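Read the figures in this text as sums done on the coordinates, not as results from a lab. Source: prediction; values computed, not measured. Don't worry about glycine lacking a Cβ; one is built from the backbone with ideal geometry, like all the others, and counts go over all protein chains shown.
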Amino acid sequence: MLIIDVKDGESIDRALKKYKRKFERSGVLKELRKRKHFTKPSVERRTEVLKAQYKERMYGPHADKN
């Protein structure tokens, strides 16, 4: 449960913005979408490895030499 402290005189828009930011950072929606479909652990690991390889190629120590 998210709790937002609203100070006296603070607008509702500001409080709503705080709530949205806190909700986004909590990762609830991301977790919900992840649990919607089952993916095998081997597939998850493979995508993790491919992502790491991509990052290494793009942003690694020798990325500018390619």
As I understand it, the dipole of the range 12-65 uses +1 on the Cβ of Lys and Arg and -1 on the Cβ of Asp and Glu, about the Cα centre. Which of Y59, F38, F23 lies farthest toward its positive end? F23
Take F23, F38 and order them by how many other Cβ atoms sit within 10 Å, fewest up front. F38, F23
Given charges of +1 on the Cβ of Lys and Arg and -1 on the Cβ of Asp and Glu, with all other atoms neutral, how large is the dipole of the chain about its Cα centre, in debye to the nearest 20? 340
Could you list which residues have their amide H under 5 Å from that of I4, counting only those 5 or more apart in sequence or on another chain, with H placed in the peptide plane? none
Karplus ³J(HN,Hα) for the range 34-50 (6.51 cos²θ - 1.76 cosθ + 1.60, θ = phi - 60°; Hz, whole; x = Gly/Pro) runs 5, 7, 4, 10, 7, 10, 4, x, 5, 5, 4, 5, 5, 5, 5, 5, 4
Between the modelled labels at Y54 and M1 (7 Å from Cα along Cα→Cβ) the distance in nm is 4.0
Would you mind getting the Kirkwood hydrodynamic radius of the chain from its Cα pairs, rounded to one decimal in Å? 15.8
Scalar couplings 3J(HN,Hα) for the range 11-19 by Karplus 6.51 cos²θ - 1.76 cosθ + 1.60 (θ = phi - 60°), nearest whole Hz, x for Gly and Pro, are 6, 5, 5, 5, 5, 5, 4, 4, 4
Quote to one decimal, in nm, the extra length available between I12 and E24 on full extension: 0.36 nm per residue of separation minus the C-alpha distance between them. 2.5 nm
Here are some pairs, K30/K55; K7/K30; K30/K51; which of them have Cα atoms lying more than 28 Å apart in this structure? K7/K30
